[in-house]
Amino acid sequence: MISSKYIVRQPVKDLKGTIIGYGIQYYGENQAYAADEAGGNEFAAADTIYSFLTQNTDKVLKGSLNFMTFTTNLLMKQTPKLFASSDLVIQVGEDVIIHPLAMRFLERYAREGYKLAVNDFQFSPRYFSIIDKFDYIKINFQTAADVSIRNIVELAHSMGKKCIAIGVDTEELYQKAFIMEVDAMEGLWVAEKLLTAVHSSSFLQSSFFQLMVAINRDDPDVDEIERIISMDAVLTYSLLKIVNSSYFALRNRATDIHQAIVVMGLGQLRQWIYLLGTNNSEEGPDANQEEFLKLSFMRASFCSALMKLAKDMPISQNEAYLMGMFSTLNYLIAAPLEEILADLPIAQEVKDALLFHSGRCGELYDLVLSYERADWKVIGDLAEALEIPVNLLTNTYFHCLGDVNNIWRSLMESGEDMAPAPSAPAPQ
C-alpha cells in the first residue's frame with residue numbers, strides 16, 4: 001500500500017481579515033504534522049517534508065510569508081536554508097525547545113535573518129525562559145485557559161512579540177481571539193471566513209488592462225485572450241452569460257471560454273471589454289475580493305488537474321475547470337448560487353456538484369475543498385472513491401499552486417505596468 005503524504009497551505013489572518021501569511025500543514029506516514037502538532041514520529045515527518053520540499057521550494061513558499069513547523073532533525077539537516085528568510089517563519093514545538101542543540105541551531109537561523117515562531121505556547125517557566133528568542137507566539141485556543149491566554153498575550157506584547165491564535169475552528173473561538181487582542185489567527189474557521197460575501201461584480205483591473213492590450217494587437221491571439229479571461233471568475237461568468245443571451249440567439253449554447261470568444265468574435269468582444277471598463281469601479285476590487293478571485297482560479301486549476309486523474313467522470317476537463325472557477329461566484333455577485341447557475345450553459349452534473357455536492361463531480365469538488373481544509377481522512381476517502389492515486393495529490397496540488405502563483409504574479413505586474421496614470425486635478 002502506498003503511504004499518503006500530503007502538504008497544504010492554510011491562511012493566517014490578522015484581525016481585519018487580511019492574510020498575512022500561510023501555515024504549512026503536513027500529513028505523512030499516516031500521521032498529521034499540522035501547525036499545532038510538531039511532535040510525533042520525527043523521522044517520518046522529516047522524510048515526508050524534506051523529500052518533497054527539496055523539489056518544490058519555489059511552489060510552496062515563494063512570494064509569501066509562510067509558517068512551517070520544523071523538527072529537531074529538520075533543523076539539523078538545515079532544511080530552512082532551502083528557503084529565503086523573507087518567505088519563511090521557522091516554527092517549532094516543545095520537542096525543539098527542550099533540545100539544547102536544536103535551540104542553538106535556531107539562534108543561528110535567527111542571526112541569518114529568519115523569523116522564529118514557537119507553537120502551542122504554554123503558561124509555564126520552560127516556555128517563559130525562551131520567549132525572548134521568538135518573533136511570534138502561537139497559542140492553542142482549543143486547550144489554553146482564558147487566564148493563561150490573557151497573561152501570555154500581555155507578556156508577549158510587552159516584549160514586542162506578535163501573538164497568533166491557532167486552532168480557531170469555531171465561531172466562539174474566533175470571537176475570543178478578538179477579545180483577547182491577539183495579532184492574528186489561523187484554523188478551519190479562519191479559512192472559512194474568507195468565504196464571506198463581498199458582493200462585488202468588480203473584476204481585477206490588471207485583467208482588464210491585459211485584455212485591452214491583447215484585444216488591440218494587430219493580430220490578436222485568441223489563446224492569450226482566453227488565458228486572461230480564464231483567470232478571473234467574474235470575467236468568465238460575464239462572458240458566458242452575455243454570449244448565451246437572447247442577443248446572440250445561439251442554437252447550441254457556448255459552454256466554455258473558447259467557444260464564447262469564437263461566437264462573439266473579436267469585434268464584439270472588444271466592445272464588451274470596453275463596456276466592462278466603463279462599468280467597473282475606479283477603485284477596483286479590494287484585497288478580500290482579490291483573494292476570492294485567486295481562490296477561484298486555484299480551485300479551477302486543481303479541479304481540472306484532478307479531472308485528468310479521476311476515473312469515470314461524466315464531464316470534460318473544461319467543465320471541471322469551470323466548476324472550480326464558479327465555486328465562489330455567490331460571494332462575488334449579490335445573488336444565490338442557484339440563481340447564478342440557472343442561466344449558465346454548464347453541465348447539470350457541475351451544477352449539482354456546486355449546489356448539492358452530489359455525484360462524482362460532487363466528490364471531485366469536495367476533494368478540492370477537503371484539501372484546502374487539510375481534512376486528511378476525507379482526502380483519502382474521496383481520492384479512493386475517484387480512483388485517484390493518493391501519491392499524486394500533493395504534487396498535483398503544488399504544481400497548480402506554482403502555476404497560479406506565477407501567472408498571478410505576472411498578472412499583477414502587468415496590471416501595474418499598464419494601469420493609466422492618475423489624471424491631474426482640475427484647476428480651481
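General remarks:
- Pairs meeting the criteria (first residue in region 94-117 and without any contact (Cβ under 8 Å) to a residue 24 or more places away in the chain, second residue not aliphatic (A, V, I, L, M), beta carbons under 8 Å, at least 6 apart or on different chains) are A110/K133.
- Test for M325: is it under 16 Å from the mean Cα position of the chain (by Cα) and either modelled with pLDDT under 90 or under 25 Å from A254 (Cα atoms) (or both): yes
- Qualifying residue in region 100-123 (condition: in a helix (DSSP H, G or I), touching a strand residue (DSSP E or B) at 6+ places or on another chain (Cβ under 9 Å) and under 29 Å from W189 (Cα atoms)): no
- Scanning region 351-363 for residues that are in contact with a Cys (Cβ under 8 Å, 6 or more places away or on another chain) and either in the same structural domain as N252 (by TED's automatic domain parsing) or assigned to a helix (DSSP H, G or I) (or both) turns up at least one hit.
- Every residue from region 175-220 that is in a loop (DSSP other than H, G, I, E, B), in contact with a Leu (Cβ under 9 Å, 6 or more places away or on another chain), at pLDDT 75 or above and not aliphatic (A, V, I, L, M): E181, D183, G187, P220
The values are calculated or read from the model by the stated rules, or taken from the named source; none is laboratory data. Keep in mind that this is a model prediction, so the values were computed, not measured. Neighbour counts run over all protein chains shown; Cβ positions are idealised from the backbone, glycine included.
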